[in-house]
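K.L.:
The structure's right below; bear with me while I get my questions together.
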Amino acid sequence: MAQLLFRKHGIRGVGVDAIAEEAGTNKMTLYRHFGSKDELIAECLRETARTADPFWQELEQNFPGDPMAQLHEWVRAVATYASMEAGGCDLVTAAFELPEPNHPARQVVEAFKHDQRQKLIALCRKAGIGEAEKLADTLGLLLEGARVNRRSVGPDGPSARFVALAEAVIFSFSTAGKAERVGETEGA
């Protein structure tokens with residue numbers, strides 16, 4: 001319930017009284033369970049972050065032994081997810097609203113983003129990408145940019161081309177993409 005209020009009104013725009021009322025309890029009960037509003041925010045974000053693990057498992061199960069297919073499916077899946085995010089990614093939104101580096105929720109966001117980056121790097125390596133970190137970072141930045149663009153320009157803006165752009169980036173980092181560029185320079 002708190003997460004829905006945070007999405008609707010912003011993290012800073014929701015007080016503990018409103019959260020307690022929506023939950024059908026009182027402030028003291030919330031403080032007993034979470035200690036502070038900051039800890040409640042962090043726990044909401046931890047819950048959101050936990051939903052990512054099954055995603056990675058499904059990629060492996062749906063495309064066993066084919067990391068390149070998993071990478072392409074990652075692109076399609078995150079594009080679908082990003083297009084369904086009415087208010088954007090809860091973790092990214094929290095990062096903007098809570099810039100204090102020692103805020104417990106900020107630490108959850110940073111840990112989650114680091115973990116997702118490492119998983120994407122590992123997938124790029126398994127897919128045979130020589131510059132796996134660079135590709136993972138490029139895809140990550142492209143995704144975050146698409147999310148922000150969708151919120152600022154709408155669904156018909158450049159974010160609508162995320163899949164095509166991400167696929168082109170993957171191709172450019174792949175062996176086939178590099179071979180094509182070498183062939184172009186040799187024929188010139």
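The values are calculated or read from the model by the stated rules, or taken from the named source; none is laboratory data. Computed from a predicted model, the values in this text were never measured in an experiment. Neighbour counts are summed over all protein chains in view; Cβ atoms, including those assigned to glycine, are modelled from backbone coordinates with ideal geometry.
K.L.:
Write out, first by first residue and then by second, each pair whose Cβ atoms fall under 8 Å of each other, whose residues are 6+ apart or on separate chains, and whose first residue, in the stretch 58-72, is farther than 18 Å from Ile129 by Cα while the second is assigned to a helix (DSSP H, G or I).
P.N.:
Asn62/Gln70; Asn62/Glu73
Residue-by-condition table, conditions (1) at pLDDT 95 or above; (2) over 23 Å from Glu58 (Cα atoms); (3) of a type in the set (A, V, I, L, M, F, W, C); (4) in contact with a Phe, Trp or Tyr (Cβ under 9 Å, 6 or more places away or on another chain):
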{"site": "Gln107", "(1), (2), (3), (4)": "no, yes, no, no"}
{"site": "Leu120", "(1), (2), (3), (4)": "yes, no, yes, yes"}
{"site": "Gly128", "(1), (2), (3), (4)": "yes, no, no, no"}
{"site": "Glu144", "(1), (2), (3), (4)": "no, no, no, no"}
{"site": "Asp156", "(1), (2), (3), (4)": "no, yes, no, no"}
{"site": "Ala160", "(1), (2), (3), (4)": "no, yes, yes, no"}
{"site": "Val163", "(1), (2), (3), (4)": "yes, no, yes, no"}
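K.L.:
I'd like to verify a number: residues in the stretch 1-30 that are basic (Lys, Arg) and not in a helix (DSSP H, G or I), how many?
P.N.:
In the first step, residues of the stretch 1-30 are kept if they are basic (Lys, Arg); the result is 7-8, 12, 27.
Okay, now just the ones that are also not in a helix (DSSP H, G or I), so 12.
Qualifying residue count for the region: 1.
K.L.:
Test Ala94 against the criterion of being buried (at least 19 other Cβ atoms within 10 Å of the Cβ), among the small types (Gly, Ala, Ser) and more than 15 Å from the chain's Cα centre (by Cα), and give yes or no. Full working, then the answer.
P.N.:
Numbers: buried (at least 19 other Cβ atoms within 10 Å of the Cβ): yes; among the small types (Gly, Ala, Ser): yes; more than 15 Å from the chain's Cα centre (by Cα): no.
For Ala94, the condition - buried (at least 19 other Cβ atoms within 10 Å of the Cβ), among the small types (Gly, Ala, Ser) and more than 15 Å from the chain's Cα centre (by Cα) - is not met.
Conditions tested, residue by residue: (1) within 21 Å of Thr48 (Cβ to Cβ); (2) in a helix (DSSP H, G or I).
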{"site": "Thr80", "(1), (2)": "yes, yes"}
{"site": "Ser83", "(1), (2)": "yes, yes"}
{"site": "Asn102", "(1), (2)": "yes, no"}
{"site": "Val108", "(1), (2)": "yes, yes"}
{"site": "Lys119", "(1), (2)": "yes, yes"}
{"site": "Leu139", "(1), (2)": "yes, yes"}
{"site": "Leu142", "(1), (2)": "no, yes"}
{"site": "Asp156", "(1), (2)": "no, no"}
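K.L.:
Let me ask something else. Taking Lys126, is it surrounded by 15 or more Cβ atoms within 10 Å (Cβ to Cβ), under 20 Å from Arg76 (Cβ atoms), over 17 Å from the mean Cα position of the chain (by Cα) and in contact (Cβ under 8 Å) with a residue 24 or more places away in the chain? Can you show your working first?
P.N.:
Details: surrounded by 15 or more Cβ atoms within 10 Å (Cβ to Cβ): yes; under 20 Å from Arg76 (Cβ atoms): yes; over 17 Å from the mean Cα position of the chain (by Cα): yes; in contact (Cβ under 8 Å) with a residue 24 or more places away in the chain: yes.
When the stated conditions are applied, Lys126 passes them.
K.L.:
Sticking with this structure for a sec: Whether any residue in the stretch 42-53 is buried (at least 19 other Cβ atoms within 10 Å of the Cβ), out of contact with any Asp or Glu (no Cβ under 9 Å at 6 or more places or on another chain), modelled with pLDDT of 90 or more and assigned to a helix (DSSP H, G or I) is what I want to check. Break it down into steps so the answer makes sense when it comes.
P.N.:
Quick first cut of the stretch 42-53, residues buried (at least 19 other Cβ atoms within 10 Å of the Cβ) only: 42, 44-45.
Then drop every residue that is not out of contact with any Asp or Glu (no Cβ under 9 Å at 6 or more places or on another chain), which leaves 42.
Next cut, modelled with pLDDT of 90 or more only: 42.
After this cut, where a residue has to be assigned to a helix (DSSP H, G or I) as well, the list is 42.
Checked against the condition, which is being buried (at least 19 other Cβ atoms within 10 Å of the Cβ), out of contact with any Asp or Glu (no Cβ under 9 Å at 6 or more places or on another chain), modelled with pLDDT of 90 or more and assigned to a helix (DSSP H, G or I), the stretch 42-53 yields at least one hit.
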